[in-house]
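Let me begin by presenting the structure, written as structure tokens, before commenting on it.
The values are calculated or read from the model by the stated rules, or taken from the named source; none is laboratory data. This is a predicted model, so every value here is computed, not measured. Cβ: placed from backbone, ideal geometry, glycine included. Neighbour counts: every protein chain shown.
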Amino acid sequence: MSSKVKVRFAPSPTGIAHIGGIRTALYNFLFAKKNKGEFLLRIEDTDQKRLVKEAENAIFEMLKWLEIQPSGEIIHQSERLEIYKKYAYELVSKKIAYEKDGAVWVSLPDDKIFEWTDLVGNKKIRFEGSTQEDFVILKSDGFPTYHLANVVDDHLMGTTHVFRGEEWISSTPKHLYLYESFNWEHPEFVHLPVILGSDHTKLSKRHGAKSVLDYKNEGYLKEAVLNYMALLGWNPGGDREQMSLSEMESLFEIKDINTANPIFDQTKFEWLNGVWIRSISTQELQERLNEFYSDDKEVVKIIKSEKSEELVKAATSRMRTLADFKNLVSKDPQNKKTKEEEKIAEKLNNFLDKKLKNWDDEELLSAIREFSKEENVPFKTIFFLLSGKTSGIGILELNQIYGKDFFVANLKSK
RNA sequence: GCCGCCAUCGUCUAGUGGCCUAGGACGUCGGAUUCUCAUUCCGAAAAUCGCGGGUUCAACUCCCGCUGGCGGUACCA
């Protein structure tokens, strides 16, 4: 392999930029980085009927957010119709393609064997020409089909490695035949096992969404998205779980891509997000939160307050997503007290009022202990009465951040 | 149906003929720390390596068959 590595992410803007798509983009990117090659972007907008207006922007936004930016010019297949037409008719004149119903078709020779070495699993895959039906390369609306456009562009762009989902394996013979008919060398093929949902079928909207941007909006860190996506089907060996983009860039090898279909595990993804939240600096986390809550005045006010750093520190270990932050730091009581609890709250209020002078941590803690013992009230209840929540940031941390007034307000609230 | 890909704990996976009475992680369960919840730390259960044949002194690792899962079978990508 003497030529410089050149790969491309070639999404079709027909729907959401889903997890499978982003993983393909990521593997392309990692491979390019690892081999000091080029990573390009090509928009395959050849299906006029299924085109979704917002999809293209979503793709750009996603790549930008994840910082896996392509270099070079972005190619739109819809702007290259003349090129595909020219090549389609070249095949017609070579008698490889024929016209029917206003479209250009190709038929594979029945007796020909199509074989290539797929780099995932490094195995030979072979098809007999007879298993492939005639296929359209140029549609009657003048647009090319995937088969033609993909082959033509990859050749013209000098793509060395085609990373794509394994759903393309069955049509690779068509592509092989096209390369051969044009007298072009075909690129290496890297067919990635498709990601499955928890019900073991191809991951789709049915499994509860999710575009990568949805995950962004749910409070996932880009590091976690990248990290989890990469590990879904690739493993550099060893016990490593947490990896940054640059670490992955230096470790990525095609031979470490798994051959089996991975199942997307939301729970592990959340765990990994928590790991990332805990591993960035408080200052960095503050910035992420600030950005995440930019439309939420209430939270922005909290993040911008003097106590911001303490709050974020206290919340860090308790977040799995950035979205958890709001409930954690909210001053509003989240559960109503029972009649019984109201009585205890009143007692506790009087007790603390009598006992505490400075409301410092030491005083507060020993008073709570005393109250708990004397009245036989579990700490859990006291926590609830003081904080207004059944779980969350610790009492002493809250004392540092919000102080006496906050506790008294909670004790008095109904 | 036909064609193709795949097959290690529930899940992600390590493992490339002897180091495996199969290792790690998530999750689950138990415990420690503890002001609740988390975090952190310990520990446990969890795969007779899908099944059946080979090859070999030796197979999770190689070969064949079966079964199962997934994918493709459009003038969609």
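Any residue in the range A:266-283 that is more than 11 Å from RNA strand B (Cβ to nearest atom) sitting within a Cβ distance under 8 Å of a residue that is basic (K, R)? List the pairs, counting only those 6 or more apart or interchain. Sorted first by the residue in the range A:266-283, then by its partner, the pairs are A:I280/A:R288; A:T282/A:K313.
Looking only at residues of the range A:121-133 that are within 7 Å of RNA strand B (Cβ to nearest atom) and assigned to a loop (DSSP other than H, G, I, E, B), we find that the one that is surrounded by the most Cβ atoms within 10 Å (Cβ to Cβ) is A:G121.
If I filter the range A:60-76 down to residues being closer than 22 Å to A:A149 by Cα and more than 16 Å from RNA strand B (Cβ to nearest atom), which single residue comes out as surrounded by the most Cβ atoms within 10 Å (Cβ to Cβ)? Lay out the reasoning, then the answer.
The first filter runs over the range A:60-76 and keeps only residues closer than 22 Å to A:A149 by Cα, leaving A:60, A:70-76.
Checking which are more than 16 Å from RNA strand B (Cβ to nearest atom) leaves us with A:60, A:70-73.
Numbers: A:F60: 15, A:P70: 20, A:S71: 9, A:G72: 13, A:E73: 9.
It comes out as A:P70.
Scan the range A:181-202 for residues that are in a loop (DSSP other than H, G, I, E, B) and within 12 Å of RNA strand B (Cβ to nearest atom) and jot them down.
Of the range A:181-202, the ones in a loop (DSSP other than H, G, I, E, B) are A:183-187, A:193-195, A:197-201.
Within the range A:181-202, A:P193, A:V194, A:I195, A:G197, A:S198, A:D199, A:H200, A:T201 qualify.
For the range A:89-97, the count of residues that are within 20 Å of A:L213 (Cα to Cα) and among the β-branched types (V, I, T) is zero. Can you tell me which of A:L203, A:L176, A:L221, A:L232 is within 30 Å of A:E291 (Cβ to Cβ) and touching an Asp or Glu at 6+ places or on another chain (Cβ under 9 Å)? Only one candidate passes the filter, namely A:L232.
For the range A:249-265, state whether one or more residues are more than 10 Å from RNA strand B (Cβ to nearest atom) and touching a strand residue (DSSP E or B) at 6+ places or on another chain (Cβ under 7 Å).
We begin by selecting, within the range A:249-265, every residue more than 10 Å from RNA strand B (Cβ to nearest atom); these are A:249-252, A:254.
Filter once more, keeping what is touching a strand residue (DSSP E or B) at 6+ places or on another chain (Cβ under 7 Å): A:254.
Within the range A:249-265 (the criterion being more than 10 Å from RNA strand B (Cβ to nearest atom) and touching a strand residue (DSSP E or B) at 6+ places or on another chain (Cβ under 7 Å)), the answer is yes, since at least one residue qualifies.
Within the range A:226-261, the set of residues being farther than 28 Å from A:T117 by Cβ and of a type in the set (S, T, Y) comprises A:Y228, A:S244, A:S246. Scanning the range A:134-180 for residues that are farther than 21 Å from A:I195 by Cβ, outside any helix (DSSP H, G or I) and among the charged types (D, E, K, R) yields A:D134, A:K139, A:D141.
A:K380 - would you say it is within 13 Å of RNA strand B (Cβ to nearest atom), of a type in the set (K, R) and either out of contact with any Cys (no Cβ under 7 Å at 6 or more places or on another chain) or in contact (Cβ under 8 Å) with a residue 40 or more places away in the chain (or both)? Yes; evaluated as a whole, the condition is true for this residue.
Restricting attention to the range A:268-284, does a residue exist that is exposed (fewer than 13 other Cβ atoms within 10 Å of the Cβ), assigned to a loop (DSSP other than H, G, I, E, B) and of a type outside the set (A, V, I, L, M, F, W, C)? The answer is yes, given that some residue of the range A:268-284 is exposed (fewer than 13 other Cβ atoms within 10 Å of the Cβ), assigned to a loop (DSSP other than H, G, I, E, B) and of a type outside the set (A, V, I, L, M, F, W, C). Starting from residues that are closer than 19 Å to A:G403 by Cα and not acidic (D, E), keep the ones in the range A:307-319 and report whichever is surrounded by the most Cβ atoms within 10 Å (Cβ to Cβ). Looking at the filtered set, the residue picked out is A:L311. When the range A:157-201 is limited to residues that are free of Cβ contacts under 8 Å to residues at least 12 places away in the same chain and not assigned by TED's automatic domain parsing to the domain that holds A:P109, the one that is surrounded by the most Cβ atoms within 10 Å (Cβ to Cβ) turns out to be A:T201.
Considering only residues of the range A:37-56 that are over 16 Å from the mean Cα position of the chain (by Cα) and either β-branched (V, I, T) or part of a helix (DSSP H, G or I) (or both), which is farthest from A:N217 (Cα to Cα)?
Among them, the one singled out is A:T46.
Of all residues in the range A:79-105, those satisfying the criterion of being within 11 Å of RNA strand B (Cβ to nearest atom) and farther than 20 Å from A:R164 by Cβ are A:E99, A:K100, A:D101, A:G102, A:A103, A:V104, A:W105. Could you please find all residues in the range A:22-59 being within 13 Å of RNA strand B (Cβ to nearest atom), more than 15 Å from A:D154 (Cβ to Cβ) and in contact (Cβ under 8 Å) with a residue 40 or more places away in the chain? Correct list: A:R23, A:Y27, A:D47, A:Q48, A:A55, A:E56, A:I59. Scanning the range A:326-343 for residues that are in contact (Cβ under 8 Å) with a residue 60 or more places away in the chain and within 14 Å of RNA strand B (Cβ to nearest atom) yields A:N327, A:L328, A:V329, A:P333.
Of all residues in the range A:146-170, those satisfying the criterion of being out of contact with any Phe, Trp or Tyr (no Cβ under 7 Å at 6 or more places or on another chain) and over 23 Å from A:K124 (Cβ atoms) are A:Y146, A:D153, A:L156, A:M157, A:G158. In the range A:288-297, the residue that is farthest from the chain's Cα centre (by Cα) out of those that are surrounded by 13 or more Cβ atoms within 10 Å (Cβ to Cβ) and assigned to a helix (DSSP H, G or I) is A:N290. Taking the condition in contact with a Gly (Cβ under 8 Å, 6 or more places away or on another chain) and crowded, with 19+ Cβ neighbours inside 10 Å, does A:L322 pass? Criteria met by A:L322.
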